[in-house]
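Student: Handing you this structure, nothing more for now.
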């Protein structure tokens, strides 16, 4: 039988070449190569390429340790989330920030509306302080809230000098409060400046 094997293989090859992918050729191939008869030993090196592997069919356990190197990874395709904590080196140390506020104090100024008309009050931070906020209020004696319908706050804003409103990005040093009374009132306009000390 062994002396006939080359003849059988040659005949099968001829049939496959002539009949291609027809059922006859498939049947002959099945006789020569039974199902599940081809293993790693029968494959030539590099016979299996990426084109012959289904996408998503290779997992981490299928890859030998050290077989994937940086040359197999596209530049700039990895994100920080792809690395374990501590794998990425720390960046350069940043500049030291300004000292934070350890103490916030309030300054207040007030103006009477006893003659009616317009009155303004300006509360100012000390030279070593920074304005961090402010507000305006209409108060009566004893710092009780005024409900006088003839009095209203006209403006309340930060200022850089006098009553000049601070421009965008400017460092203000005071808070301005302006009120109007249509007639004489015991109400006072009070300005509050919140100032931070380093």
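Rule-based calculations on the coordinates, nothing more; no lab input. Everything numeric here is computed off the predicted structure, so don't read it as measured data. Please note: Cβ atoms are built from the backbone with ideal geometry, for glycine as well, and neighbour counts cover all protein chains shown.
Student: So is residue 115 surrounded by 14 or more Cβ atoms within 10 Å (Cβ to Cβ) and either in contact (Cβ under 8 Å) with a residue 60 or more places away in the chain or not in a helix (DSSP H, G or I) (or both) or not?
Tutor: Considered against the rule, which asks whether it is surrounded by 14 or more Cβ atoms within 10 Å (Cβ to Cβ) and either in contact (Cβ under 8 Å) with a residue 60 or more places away in the chain or not in a helix (DSSP H, G or I) (or both), residue 115 comes out as no.
Student: Now, a different point. Out of the residues in region 137-187 that are touching a strand residue (DSSP E or B) at 6+ places or on another chain (Cβ under 6 Å), free of Cβ contacts under 8 Å to residues at least 24 places away in the same chain and assigned to a strand (DSSP E or B), which is surrounded by the most Cβ atoms within 10 Å (Cβ to Cβ)?
Tutor: 157
Student: Filter region 118-135 down to the residues that are farther than 12 Å from residue 174 by Cα, surrounded by 12 or more Cβ atoms within 10 Å (Cβ to Cβ) and within 45 Å of the chain's Cα centre (by Cα) and list them by number.
Tutor: Going through region 118-135, the residues farther than 12 Å from residue 174 by Cα turn out to be 118-120, 128.
Still in the running and surrounded by 12 or more Cβ atoms within 10 Å (Cβ to Cβ): 118-120.
Once the filter is applied, which keeps residues that are farther than 12 Å from residue 174 by Cα, surrounded by 12 or more Cβ atoms within 10 Å (Cβ to Cβ) and within 45 Å of the chain's Cα centre (by Cα), region 118-135 yields only 120.
Student: Check region 92-103 and report whether any residue there is outside any loop (DSSP other than H, G, I, E, B) and exposed (fewer than 14 other Cβ atoms within 10 Å of the Cβ).
Tutor: Within region 92-103, one or more residues are outside any loop (DSSP other than H, G, I, E, B) and exposed (fewer than 14 other Cβ atoms within 10 Å of the Cβ).
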